[in-house]
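A.B. asks: Next up is a structure, given as structure tokens.
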């Protein structure tokens, strides 16, 4: 999903519009997680970017999406750019550390 969201609407008030945008992003992520995984992958991961526009967007973690949208609302931005790209990943084993005294 590569999209520029506008924070103005003729009928919706700003808090309701922000909630609708957050819901749309969550719905997209949930839909992508339901897709069939390739045989060599364990889970779906997301590469995210956020910014006032596409040129100034910066990489963010998935857990920071809602915070970033709320920040855009608080800053009074007219619009913001959000990119959420899905990729299949395989979990890496964490090496076990032998604890010896």
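Let's see how each residue does on (1) touching a residue at least 24 places away in the same chain (Cβ under 8 Å); (2) over 20 Å from residue 66 (Cβ atoms); (3) touching a helix residue (DSSP H, G or I) at 6+ places or on another chain (Cβ under 6 Å):
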site: 3; (1), (2), (3): yes, no, no
site: 7; (1), (2), (3): yes, no, no
site: 13; (1), (2), (3): no, no, no
site: 17; (1), (2), (3): no, no, no
site: 23; (1), (2), (3): no, no, no
site: 28; (1), (2), (3): yes, no, no
site: 31; (1), (2), (3): no, no, no
site: 38; (1), (2), (3): yes, yes, no
site: 47; (1), (2), (3): yes, no, no
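A.B. asks: Here's another thing I want to ask about it. Would you check if there is a residue in the stretch 82-100 being farther than 17 Å from residue 1 by Cβ and modelled with pLDDT of 95 or more?
C.D. replies: No: zero hits.
A.B. asks: From (1) surrounded by 15 or more Cβ atoms within 10 Å (Cβ to Cβ); (2) touching a residue at least 24 places away in the same chain (Cβ under 8 Å), pick out the condition that doesn't hold for residue 60.
C.D. replies: (2)
A.B. asks: Please specify each residue of the stretch 47-84 satisfying the condition of being under 17 Å from residue 32 (Cβ atoms), in a helix (DSSP H, G or I) and in contact with a strand residue (DSSP E or B) (Cβ under 9 Å, 6 or more places away or on another chain).
C.D. replies: Of everything in the stretch 47-84, those that are under 17 Å from residue 32 (Cβ atoms), in a helix (DSSP H, G or I) and in contact with a strand residue (DSSP E or B) (Cβ under 9 Å, 6 or more places away or on another chain) turn out to be 62, 65.
Yes or no, residue by residue, for (1) more than 22 Å from residue 92 (Cβ to Cβ); (2) modelled with pLDDT under 95:
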| site | (1), (2) |
| --- | --- |
| 12 | yes, yes |
| 23 | yes, no |
| 31 | yes, no |
| 41 | no, yes |
| 49 | yes, no |
| 58 | yes, no |
| 72 | yes, no |
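A.B. asks: Quick check on my filter: what residues within the stretch 5-34 are more than 17 Å from the chain's Cα centre (by Cα), exposed (fewer than 12 other Cβ atoms within 10 Å of the Cβ) and under 20 Å from residue 81 (Cβ atoms)?
C.D. replies: Scanning the stretch 5-34 gives 8, 9.
The values are calculated or read from the model by the stated rules, or taken from the named source; none is laboratory data. Here the structure is a predicted model, which is why all the values come from computation and not from measurement. Backbone-built Cβ (ideal geometry, glycine too); neighbour counts: all protein chains shown.
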